[in-house]
1. Take the residues of region 810-842 that are farther than 12 Å from ASN510 by Cα and of a type in the set (D, E, K, R): which is surrounded by the most Cβ atoms within 10 Å (Cβ to Cβ)?
2. In region 79-110, which residues are of a type in the set (Lys, Arg) and surrounded by 17 or more Cβ atoms within 10 Å (Cβ to Cβ)?
3. For GLU1011, are the conditions met, namely being part of a helix (DSSP H, G or I) and either in contact with a His (Cβ under 6 Å, 6 or more places away or on another chain) or modelled with pLDDT of 80 or more (or both)?
4. Does at least one position in region 171-194 carry a residue that is within 15 Å of LYS367 (Cβ to Cβ), over 28 Å from the mean Cα position of the chain (by Cα) and free of Cβ contacts under 8 Å to residues at least 60 places away in the same chain?
5. Looking at ASP589, ASP594, ASP613 in this structure, which one is in contact with a helix residue (DSSP H, G or I) (Cβ under 7 Å, 6 or more places away or on another chain), charged (D, E, K, R) and either part of a loop (DSSP other than H, G, I, E, B) or under 30 Å from SER703 (Cβ atoms) (or both)?
6. In the list ASP634, ASP594, which residue meets the criterion of being surrounded by fewer than 16 Cβ atoms within 10 Å (Cβ to Cβ), out of contact with any Asp or Glu (no Cβ under 6 Å at 6 or more places or on another chain), farther than 20 Å from ASP750 by Cα and touching a residue at least 12 places away in the same chain (Cβ under 8 Å)?
7. If only one of LEU955, LEU971, LEU992, LEU1016 is touching a helix residue (DSSP H, G or I) at 6+ places or on another chain (Cβ under 6 Å) and modelled with pLDDT of 80 or more, which one is it?
8. May I ask you to say which residue of PHE712, PHE719 is hydrophobic (A, V, I, L, M, F, W, C), in the same structural domain as PRO631 (by TED's automatic domain parsing) and modelled with pLDDT under 90?
Amino acid sequence: MRSCFRFSQLIILPKTLSKPFIIYRSSAGSGKTRTLAKEYLLLALRFKSQEFKHVLAVTFTNKATQEMKDRILGYLNKFANGVPDDLAEELKRELNLDDFSFQQQSLDVLQAILHGYSQFSISTIDAFFQKVIRSFTREAGLAGDYRLEISQDEVLVEVIDDLIDELGSNQQLTEWVVRFALDNLENERAWDIRRSLGDFAKEIFKEGYKSIEDEVETKITEPNFFNKLLPELLKTRNQYVGFIREKAGEVVRLFDKHGFEPKDFKYAAGGVSNVFRKLYENNTLNSAFIDLLDGARISNEYQKSANWGSDKSPHRNTINNLAAERLIAVLNEVVDYAKTNLVKAVSTEIALNEFYSFGLIADLSRKLREYKNENNLMLLADAPKFLNGVIQDSDTPFIYEKVGSFYRNYLIDEFQDTSGLQWKNFFPLLANSLDQGYRSLLVGDVKQAIYRWRGGDLRLLQEEVEAQIGKDRIDPKLLDKNYRSSAAVIYFNNALFKTAAAIVSRETSNSISDRVYQDVAQQVARPYEGFVQVQFVDSNKDDDWRATALESIPALLEKLQDTGVRLKDIALLVRRREEGQDIVKYLIDFKNSDKAKPNYQYDVVSNESLRVDGAATVRLITAVMRFLLNPEDDIARAEVAYEYHRIHKIERVFTEMFSVTNQTVFDSLLPPSFGKQKAYLKKLPLFELTEALIRIFELEHQSGEFAYMQAFQDAVLKFSTRERNDLGAFLEYWEAKRHEVVIKVPDDIDGAQILTIHKSKGLQFKYVIIPFCSWKLDHENMREPKLWVKSNEPPFNQAGYIPVKYSSRLKNSYFKEFYDEEFTRSYLDNLNLLYVALTRAEVGLLVMAPLKETWKKGTAKAVTEIPHLLYNSIIDSENLAKDYDIQSQLYRVGTQVAYADSKTEASAAMIHLSDYHSSAWSDKLVIRQSAKEFFQGTSTQRDRINYGIHLHAILSRMHYAEDMQQKFDDLVAEGMIAESDKANLKDQLDELLKNPEIASWFSKEWEVRTEVPIILPAGVESRIDRLMIRNKRAVVVDFKTGEPQKTDQRQVLDYIDTLKKMNFTEVEGFLLYVKSGELVSVVQKKVKAVKKKDDQQLGLGL
């Protein structure tokens, strides 16, 4: 009986009240998801069945969200049906419930969740923030249907194009861009600034900039900020370089006067004469310049005149005498000056390198705001900052009410990837909950923090949360038992990362790595040994060892299959996507070669192998689209013919398909219906076009292509609903983005998976192969980030934050502390990346890495690469070194055998489609094209008439002024307006015609055409509202009933461009907004507003 269940049994323990906030530190494979599910169930089952509505669990990916929901519902279903489970016993003990009460409460909660699923609050952090923001659209100035834009790159392209369009009309911007381009040329960079400007503009989306954005914008908007700062920087740099070049130039000219050559000096080309020449010719303060000044010969050997001239030179005595008399003093003067002023000069040089990009940041921010307002969108990168502003200025319960839920308990997953702004947004909500005694928790592992480039800040979990919440309210718990990996993998990682963390701390002179990895040791939970193998390959050149590693992959796959391992249980992890592509290509070639052994498989599955643009049907459809856009495109013609015949296995002479310049021959190669419908197809919207092409080219029966066609049509539909429904624009978009469109890999495909280490986070595989375990601990060349730095030293003390490129030169600048921090964080990031890679394996781990001679000898100056760190960690570890064989350069432990799975996978029955269904919507739906009776009703209905629409209709029909009355009568006769509306509409039309420019259009000196059909360059059909012609002059007018939009101008520009191609020498374009009376003159390259109305003219009042 239910009466057995008593809520008095569910009490909050005193310990929970005193320390309501739990921090779980969970290493890899330690049962984090189970722990989260258990904590959620403890909260949901503790009180009445509706308690789950007040619990918010936050994860960082949609996949993790769904996994957690499925797991919680699965547990509740087991509990409700009385299925024995270890977790059930734990929960009953902690909740103090008997079997019947626990089963009944589980059933109640399960039913409550299923009936109120929308309140089952487990979501990604971004989804939660968006839910809050939706409640604040009015405060944000957004329309309720605003769009959240995830792709920042596409927005940037539009914003930079808009910025470039202002050149010429915006004098200050033009001057700055010209200086920027000239600076690029002088420094041997591309003159076209779009790319460098685009790279810099990405900084404004990053959280590092968002946190200082207000301070930066306040400073750069000060009058003449850049014009004051630039001369100071140039003066400092030029003074420094000028002094050194002047002194070095004196010496070089002296050498030339005496006819000295490099061979006359000791060390010849490496001697002191070249030191002076390099100082004289140098225009920049790069690392080579700094190394030149720090040379041991300058500070020691060249201080003695006898070491200047070569013993073999006839000028030896002359050179040594000059050195004693003058040259040593000049050398020391140069070196002393250079070293004394080096930090200031280098700081100035570094700042100047990014100065012109920085100078455009205000314009970029302005154009970005305009773009977002025009398109009613919010960028995903803006959401945390916006919400932070709302939360800071609001009472926390008010926020709850706006969101529509009152959350009492918060569960935050993967906290090491939480950004500073995200934490600031959560903290007030969490603090409010804790102040009321409610229980909350977070789970994370700083060793797996690999998303700093996305804003993640491991320092939050490492130290800051504890400081903000307070130790007295925190109950820390360590999950140190590994339920994922075998004993060999666990012991290897325990020893390896204890040593590696110490090495990284030593290399960075910072103990944070040791602190992060202090809890790395894990206990073994799984009952099998497993194996680990690390093979080092001699590396003279980068390509040499990589070729060896590639050639080893088939043998590794064969050996695993010998022990009964399925390919689907193997994962190959890579650092970069390009490495994955290399593996796919190599294994495909190997499989088709005579090297492949019978009865072995070499199949791999990766996003690259399932790219939609590689499907034959998709290639055919896009080729047809290109041909429709440009019938003169011979390559598109040939591809259409080739793909069509290949898909349908039609025998044809190969050369015929590529000799399609003759239209008749081309049409004969394709379905007859295509030739008949070409003109019709060009007019179709994008999605309907794809549907039509699938039917015309009979692609409905290509069973192996259905998934690719579906994914392609999804991409078309997404583009056409969010962007322009234009064939040319789509093809341009497809060319840029096609490599990103892939189909999801089904779980039951028997092929080894290839994925990046970042993608593998949170996943596990029975066997893991890392064929290219090689990347730098510091930032890779050409991938160095921008740092926002500041200094109290002049002239930077008045500049605030400025952007600089990360490089080792920062060590000799005012910004050294920023460099040191980034250097340390980069080393830790890459150590964490190695940790994630090596902890994915359940049974076996196979690693290949390069080994340089200097590493083996121990003569390398520093540990700068992951394979060097891996090698040193094995050699320096007492537990690992004993299993490393120096001769074969192989670390091996455990036995390579397969382990049977205790679980049998239930395979769901698959439904196979025999056809890809496609049909024309016009066969299913008939649209009524008019509704005249709408206006022939009651006065209430007539009150809703949009007069702007009717004015548009009259203006589009009138040729000349005397036609006005007749057109009004026609509208009444057609039922579009009522008789009583005529007077009001006529008054408003008269007001418009008081504008002399508008009135002149209805003069009989023009040849007038209305509603003129026109084919635009992209093949799209449109209609010009009014076209007036006189000799070779044409005036085109577009009437608009709504508010002005940027796309209005683009449309008129298309009309103008088309008319010019029709040999009209003088073409003018106008937009008339009938609602406001605003008249806009549209000309190519710029748009100017014409005075809306005469001073005495009345407004229309619409």
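1. The extreme case among them is ARG840.
2. Just the residues of region 79-110 that are of a type in the set (Lys, Arg), to begin with: 92-93.
Answer for region 79-110, where residues must be of a type in the set (Lys, Arg) and surrounded by 17 or more Cβ atoms within 10 Å (Cβ to Cβ): just LYS92.
3. On the way: part of a helix (DSSP H, G or I): no; either in contact with a His (Cβ under 6 Å, 6 or more places away or on another chain) or modelled with pLDDT of 80 or more (or both): yes.
Taking the combined requirement at face value, the residue does not satisfy it.
4. Yes, there is a match, as at least one residue in region 171-194 is within 15 Å of LYS367 (Cβ to Cβ), over 28 Å from the mean Cα position of the chain (by Cα) and free of Cβ contacts under 8 Å to residues at least 60 places away in the same chain.
5. Values: ASP589 fails: in contact with a helix residue (DSSP H, G or I) (Cβ under 7 Å, 6 or more places away or on another chain); ASP594 fails: in contact with a helix residue (DSSP H, G or I) (Cβ under 7 Å, 6 or more places away or on another chain).
It is ASP613.
6. Numbers: ASP594 fails: touching a residue at least 12 places away in the same chain (Cβ under 8 Å).
The unique qualifying residue is ASP634.
7. Values: LEU955 fails: touching a helix residue (DSSP H, G or I) at 6+ places or on another chain (Cβ under 6 Å); LEU971 fails: touching a helix residue (DSSP H, G or I) at 6+ places or on another chain (Cβ under 6 Å); LEU1016 fails: modelled with pLDDT of 80 or more.
Checking each option against the conditions leaves just LEU992.
8. Numbers: PHE712 fails: modelled with pLDDT under 90.
It is PHE719.
The values are calculated or read from the model by the stated rules, or taken from the named source; none is laboratory data. Predicted, not measured: the structure shown is a model, and the values here were computed from it. Cβ sites come from the backbone with ideal geometry, for glycine too, and all protein chains shown count toward neighbours.
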